[in-house]
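Undergrad: Can you read through this structure? Questions will come right after.
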Amino acid sequence: MSQYHIKNLEEYFQVYRKSVREPEAFWGEIAEEHFQWKKPWEKVLDWDFTKPEVQWFQGAKLNITENCIDRHLHTRADKTAILFEPNNPDEAAQPITYRQLHERVCQFANVLKEKGISKGDRVCIYLPMIPELAISVLACARIGAIHSVVFAGFSATALATRVNDASCKMMITSDGSYRGAKTIDLKGIVDEALESCSCVENVLVAKRINSDIYMKKGRDYWLQPLLDAAHKNCTPEVMDAEDPLFILYTSGSTGQPKGMVHSTGGYMVYSAYTFKNIFQYQENDVYWCTADIGWITGHSYIVYGPLANGATTVMFEGVPTYPDWGRFWQIVEKHKINQFYTAPTAIRALAKENLSHVEKYDLSSLKVLGTVGEPINEEAWHWYNDNIGKKNSPIVDTWWQTETGGIMISPIPFATPTIPTFATLPLPGIQPCLMNEQGTELDGNPAHGRLCIKFPWPSMARTIWGNHRRYKDTYFTAFENKYFTGDGALRDQTGYYRITGRVDDVIIVSGHNLGTAPIEDAINEHPAVAESAVVGFPHDIKGNALYGYVILKETGEGRDHDNLRSEINQLITERIGPIAKLNKIQFTSGLPKTRSGKIMRRILRKIACDEGDNLGDISTLLNPEIVEQIKKEVV
Ligand code: 7RM
């Protein structure tokens, strides 16, 4: 991707300006230069945010798997495409070359066809991080079936809701999964879910843990024998650029999850372009993103983006804590990882542990470090920068969403100077703006407001599956003619963006707008604090007051709580001002988190407001058990 491949800040500004002045020429040139199309487009972009309707590369035909696999066979057939690292470090890593990937995807695609799946059908994939997960995703794309990956940590109820919402015809799962020292009975969860899903006709089961499972006659099939018998070639289905590629669910403010629908052509172009620029991937690099393919990060930056660039992408089955807290760094050393992409929640957890887990390993292969998923606090940023990057690898703080399909605001390593907690500048083609509550765009710097995007980009979700109305209401009605992200952001004097968190995380205390993130940053600076979350609760005089949940490091656990409380408030006073002092501080051993590592402030807010008996469904949390404990410890 030579064209528009950015190497310094000046180039960034040149490319950015072109992308805004002539978006169609800009994306048209990238799409033409770097991808294989079976038929060119008639029009690069057609859009109307009032409907909302967006079409990229109208009329073009392609198959994304040809771009991710087949075209590399001339030059990279024996290069590792996917490098599978198992949960158990004693089990051998499994490299899958582009040639092997081609064969396995084709065989899998043929099995899908044989079981009655065709273009447009929805296939639910509920698999652990094993090669079959990436392969089944690509097999769906090969034949034009729409994949709906559900993270294999979700419960039977959550799985059933998603299967029914998209009327999936098929389920792909495994007997079970490994997670550290534990095994999980995935097939049992699927069986329970399918009791309430009449749409699913067949279940394909990969063997992973060799457990003894129930197989329903005429419905369930072991995958391997079917694959072994399948043809090793499968002609790729010709897809329209705007045909849906996948559905991926994201939780909303109401109970029903939103099935975000992503397109084929635009998604391919944008995920590949951003991968190349943000990770500065070079031909023999080994890239590792620790996310699960069950999340958008895994879709765009484990599977599609890297493979479209002919990269080597690592797929890790395990957890950061098994067999010990050194696992990530052991893998970095073992595979000589060059680009490493993870989440702030993982960094904070790792930073809590003894540094010896890091120091044991040679991390000198690292060139670029990435973070995604939530605001990274300053302390975690420095820990990452100092101990992992040795102050030598730029950190890309990448802001984006399931809805955006790809990274939107991020430094470009070696081009954009980084500042802790700033996602910095919009990528080419991305036109962010800040709005005040009255709906006026905030010109000039600095500014703080609601983050919107005023122009379409290729990988934006096109709709919510089965509910275009909700798509419009959620994203396109708050601000006229703009996509509303739901996040707040600050733009500093130089135009750098800092994401301040979900807008619903803004708390107005005595008329002052306070973002939770900077307060949490201040709390986390205290040497005894490991992690914290701040929410608001109603207060007679201030309107709202602040409630802090604080997890202490081991070293802080014996300390006098009242002393700690006043030290924490002292820090907040110094960093932000007395207005941001916490009214209540509760020390706790954990925080409720979503499975992708986001703190569920909604739950903490209810507990702080004394509405803890009315929490709604918390079964999709990573750690639902913590909720009862927090309720008991309320101050
Ligand atoms: C990729 C992903 C989206 C929400 C988003 C933000 C938050 C993500 C950052 C971030 C601050 C970041 N998709 N978020 N990245 N906040 N800095 N670098 O996470 O759909 O699961 O979540 O995550 O609030 O709106 S997601």
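Values quoted throughout were computed directly from the atomic coordinates according to the rules given, and no laboratory measurement underlies them. Please read all numbers here as calculations on a predicted model, not as lab measurements. Cβ: placed from backbone, ideal geometry, glycine included. Neighbour counts: every protein chain shown.
Undergrad: Equivalent-ellipsoid semi-axes (√(5λ), Cα gyration tensor) for the stretch 232-339, whole Å, largest first?
TA: So the three semi-axes of the stretch 232-339 are 27, 21, 13 Å.
Undergrad: Hey, another quick one. As an exercise, take the mean of 1/r over every pair of distinct alpha carbons in the stretch 397-547, invert it, and state the Kirkwood radius in angstroms.
TA: 16.8
Undergrad: Something else: Quick check for me: using +1 on Lys/Arg Cβ and -1 on Asp/Glu Cβ, what's the dipole size of the chain about its Cα centre, in debye to the nearest 20?
TA: 820
Undergrad: Tell me, what does the Kirkwood hydrodynamic radius of the chain come to in angstroms if you use every pair of distinct C-alpha atoms?
TA: About 25.2 Å for the chain.
Undergrad: Now for a different question. Mind checking the angle between helix 561-575 and the chain's longest principal axis? C-alpha axes, 0 to 90 degrees, to the nearest 10.
TA: Tilt of helix 561-575: around 80 degrees.
Undergrad: Using only helices, what value at 222 nm comes out for the chain when you add -39,500 (n - 2.57) per DSSP H run of length 4 or more and divide by the total residues, to the nearest 500 deg cm²/dmol? Write down the numbers at each step before the final one.
TA: Working: 20 runs with 185 residues, N = 635.
Helices in the chain give a 222 nm mean residue ellipticity of -8500 deg cm²/dmol.
Undergrad: Separate question: Under a 5 Å amide H to amide H cut-off, with H placed in plane at 1.01 Å, what residues pair with E531 once short-range neighbours are removed?
TA: Result for E531 returns I551.
Undergrad: Still on this structure: Rounded to two decimals, what is the ratio between the C-alpha radius of gyration of the stretch 373-434 and 2.2 N^0.38 Å?
TA: Output field value: 1.15.
Undergrad: State the cysteines of the chain left without a partner when partners are defined as other cysteines whose beta carbon lies under 4.7 Å away.
TA: If one checks each Cβ against the other cysteines of the chain, C68, C140, C197, C199, C289, C433, C452, C609 turn up with nothing under 4.7 Å.
Undergrad: Another question about this same structure. In whole Hz, with x marking every Gly and Pro, tabulate ³J(HN,Hα) for the stretch 102-116 from phi via Karplus 6.51 cos²θ - 1.76 cosθ + 1.60, θ = phi - 60°.
TA: Working through the residues one at a time gives 4, 5, 5, 5, 4, 4, 5, 4, 5, 5, 4, 4, 4, 8, x Hz.
Undergrad: Any idea how far apart E557 and Y361 come out in nm if each label point goes 7 Å out from Cα toward Cβ?
TA: The answer from the label model is 2.5 nm.
Undergrad: Over the stretch 1-52, consider all pairs of different Cα atoms and compute the Kirkwood hydrodynamic radius from their mean reciprocal separation; express it in Å, one decimal.
TA: Hydrodynamic radius (Kirkwood, Cα pairs) of the stretch 1-52 is 12.6 Å.
Undergrad: Using only Cα atoms, find the angle between the long axis of helix 9-21 and the longest principal axis of the chain, and express it within 0 to 90 degrees, rounded to the nearest 10.
TA: Once rounded, one gets 70 degrees.
Undergrad: Which of the peptides 299-307, 226-234, 475-483 is most tightly packed, and how do the rest follow, judged by the mean count of other Cβ atoms within 10 Å per residue?
TA: Details: 299-307: 27.9, 226-234: 14.7, 475-483: 17.7.
So the peptides 299-307, 226-234, 475-483, ranked by packing, come out 299-307, 475-483, 226-234.
Undergrad: Shifting gears a bit: How do the peptides 583-594, 567-578, 106-117 rank, highest first, by the average count of neighbouring beta carbon atoms within 10 Å per residue?
TA: Ranked from most to least packed, the peptides come out as 106-117, 583-594, 567-578.
Undergrad: Then there's this: Taking the Cα centre of the stretch 444-558 as origin and charging only Cβ (+1 Lys, Arg; -1 Asp, Glu), how large is the dipole, in debye to the nearest 20? Mind dumping the intermediate values first?
TA: On the way: 12 positive and 13 negative charges, 174 e Å.
Around 840 debye, computed over the stretch 444-558.
Undergrad: Give the order of T416, T555, T312 when sorted by the count of other beta carbons within 10 angstrom, beginning with the fewest.
TA: Taking fewest neighbouring Cβ atoms as first place, the list is T555, T416, T312.
Undergrad: How far is the Cα center of the stretch 194-241 from the Cα center of the stretch 549-603, in Å?
TA: Cα centroid to Cα centroid, the span is 47 Å.
Undergrad: If R0 is 41 Å, what FRET efficiency do you get for L9 and K632 from their C-beta distance, rounded to 0.05?
TA: Details: r = 52 Å, r/R0 = 1.27.
Efficiency, rounded to the nearest 0.05: 0.20.
Undergrad: Can you give me the long-range amide H partners of V509? Hydrogens built in the peptide plane at 1.01 Å from N, cutoff under 5 Å, separation of 5 or more residues or another chain.
TA: L514
Undergrad: Antiparallel versus total DSSP beta bridges in the chain: what percent is that, nearest 5?
TA: Here the antiparallel bridges make up roughly 60 percent for the chain.
Undergrad: Could I ask something else about it? So between E192 and H468, what do we pick up on full extension, going 0.36 nm a residue minus the alpha carbon distance?
TA: Stretched fully, the E192-H468 segment lengthens by 96.4 nm.
Undergrad: Whole-Hz Karplus ³J(HN,Hα) for the stretch 73-78, in order, using 6.51 cos²θ - 1.76 cosθ + 1.60 and θ = phi - 60°, x for Gly and Pro?
TA: 5, 5, 10, 9, 4, 9
Undergrad: Please report Rg (one decimal) and Dmax (integer) in Å for the Cα set of the stretch 512-553.
TA: Gyration radius and largest Cα-Cα distance of the stretch 512-553: 11.3, 34 Å.
Undergrad: Give me the lysines in straight-line cross-link reach of K232: C-alpha distance below 29 Å, same-chain residues under 8 apart excluded.
TA: Output for K232: K38, K39, K61, K79, K113, K115, K119, K169, K187, K207, K216, K217.
Undergrad: Can you list the residues, at least 5 places off or on another chain, whose amide H is less than 5 Å from the amide H of F246, using H built in the peptide plane?
TA: For F246, whose amide H was placed from the backbone, the distant partners under 5 Å are H262.
Undergrad: Quick one: length gained pulling K39 to Y322 fully straight, 0.36 nm per residue minus the C-alpha distance?
TA: 97.1 nm
Undergrad: Let me ask you something else. Where nothing but the Cβ of Lys and Arg (+1) and of Asp and Glu (-1) is charged, how large is the charge dipole of the stretch 403-493 around its Cα centre, in debye to the nearest 20?
TA: Approximately 340 debye in magnitude.
Undergrad: Work out how much length Q224 to S566 would gain on full extension: take 0.36 nm times their residue separation and subtract the Cα-Cα distance, in nm to one decimal.
TA: 117.0 nm
Undergrad: Straight-line reach only, C-alpha to C-alpha below 21 angstrom: list the lysines that K454 could link to, leaving out same-chain residues fewer than 8 apart.
TA: Cross-link targets: K18, K43, K51, K472, K482.
Undergrad: Based on Cα positions only, what radius of gyration and what Dmax would you give for the stretch 84-141, in angstroms?
TA: 13.0, 41
Undergrad: Grab every C-alpha pair in the stretch 568-635, bin the distances at 5 angstrom width from 0 up to the longest one, and report whole percents.
TA: 3, 16, 24, 20, 16, 13, 7, 1
Undergrad: Using θ = phi - 60° and the Karplus relation 6.51 cos²θ - 1.76 cosθ + 1.60, list the HN-Hα couplings for the stretch 316-323 in order, rounded to whole Hz, with x at every Gly or Pro.
TA: Each residue of the stretch 316-323 in turn: 9, 7, x, 10, x, 9, 10, x Hz.
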